[in-house]
Amino acid sequence: MSEPIHEFREAMHRAGLLPPDAIEADGALHRFHVEGDRGGSRNGWYCLHLDGRAAGVFGSWKAGFSSTWAADGKRQNDVEREAFAELIRAGRTKANAERRTEHEAGARIASALWARAGAADPAHPYLLAKGVQAHDLRQDGAALVVPLLDIHGLLWNVQRIMPNGGKRFRPGRAGGLYSPIGDLMNPALLLICEGWATGATLHEESGHPVLCAMNAGNLLPVAKAARAAWAGADLVICADNDRKSEGNPGLKAATETAKAVGARLAVPEFPEGMSGSDFNDLANLRRAAR
């Protein structure tokens, strides 16, 4: 292995990205599987050239970052600086274009699945277990189909929920998407939460519209999109209180999101010794106590 390629690999390691077994230094975009990602996915990417001063760019679509590297770290002259800047622009443009193409292909598949699905059965085992209504969900076979939209109302992906509660996203875009519940025409108050059943509970108990971000990591992208789309709305981030998990990741993400977008924060509080983490769990506990 040449020294520049070795140094490039080390830069990827330092950034927390495990590089592929082989690095092609041909100036073209290359993709690879990132350890820990879904099997068969290729969210990692890099572009490396060895002409003149060796330089490259790499990143992960799922983690949402990119980084640059240049050999020996010495000050670049004007020609090298411009060549390096062009490499970075080209690499990121290629990566973004390929990612966009994949997302659009995924959106077409998701839209076809949504179109063929019928209305959800109100007696679906998952809905009964959670004690919520269907709220315009659809059903494909035994699976509930949850639509995932952007702020323009375009469907990019879906989540499938099985009768036993198992959940699976289709491959494709996920960041910044949400599943809406309720009327989003000029809302005065807008709730943002993690899971769909939590959102259904919040809507049924409050009457306010809800954006379900589907996971803690997506709360901030959804909240930022909501702030841009509904600037006049009072935003409330409704946390999952993961009090039995180290660091309480649900509450941490919700608190950081609320601070970042100037929103209010709502946290479900549970009686001592009671299990549960979200507003749906809390509602079911209250129902059971009646």
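A few remarks follow.
- Filter result (out of contact with any Phe, Trp or Tyr (no Cβ under 7 Å at 6 or more places or on another chain) and surrounded by fewer than 23 Cβ atoms within 10 Å (Cβ to Cβ)) within the range 38-56: Arg38, Gly39, Gly40, Ser41, His49, Leu50, Asp51, Gly52, Arg53, Ala54
- Qualifying residue in the range 205-212 (condition: modelled with pLDDT of 95 or more, assigned to a helix (DSSP H, G or I) and in contact with a strand residue (DSSP E or B) (Cβ under 8 Å, 6 or more places away or on another chain)): yes
- Close pairs from the range 114-143: first in a helix (DSSP H, G or I), partner loosely packed, with under 14 Cβ neighbours inside 10 Å, Cβ under 6 Å, at least 6 apart: Tyr126/Gly165
- Residue match in the range 113-122 (condition: modelled with pLDDT of 80 or more and under 22 Å from Val34 (Cα atoms)): no
- In the range 1-15, the residue that is farthest from Ile88 (Cα to Cα) out of those that are in contact (Cβ under 8 Å) with a residue 24 or more places away in the chain and not in a helix (DSSP H, G or I) is Ser2.
- Every condition in (1) out of contact with any helix residue (DSSP H, G or I) (no Cβ under 8 Å at 6 or more places or on another chain); (2) free of Cβ contacts under 8 Å to residues at least 40 places away in the same chain holds for Ala228 except the one numbered (2).
- In the range 274-290, residue farthest from the chain's Cα centre (by Cα) [restricted to those that are closer than 12 Å to Arg243 by Cβ and part of a loop (DSSP other than H, G, I, E, B)]: Met274
- The numbered conditions (1) part of a loop (DSSP other than H, G, I, E, B); (2) of a type in the set (Val, Ile, Thr); (3) at pLDDT 95 or above are all true for Ile151 except (3).
- Ala22 meets all of the listed conditions (1) closer than 18 Å to Pro4 by Cα; (2) at pLDDT 85 or above; (3) buried (at least 19 other Cβ atoms within 10 Å of the Cβ); (4) hydrophobic (A, V, I, L, M, F, W, C) but one, namely (3).
- Leading residue by the ranking (farthest from Leu235 (Cα to Cα)) among those in the range 178-204 that are more than 17 Å from the chain's Cα centre (by Cα) and assigned to a strand (DSSP E or B): Ile181
The values are calculated or read from the model by the stated rules, or taken from the named source; none is laboratory data. Treat the numbers as computed from the prediction; the structure is a model and nothing was measured. Reconstructed Cβ throughout: ideal geometry from the backbone, glycine too, with neighbour counts over all protein chains shown.
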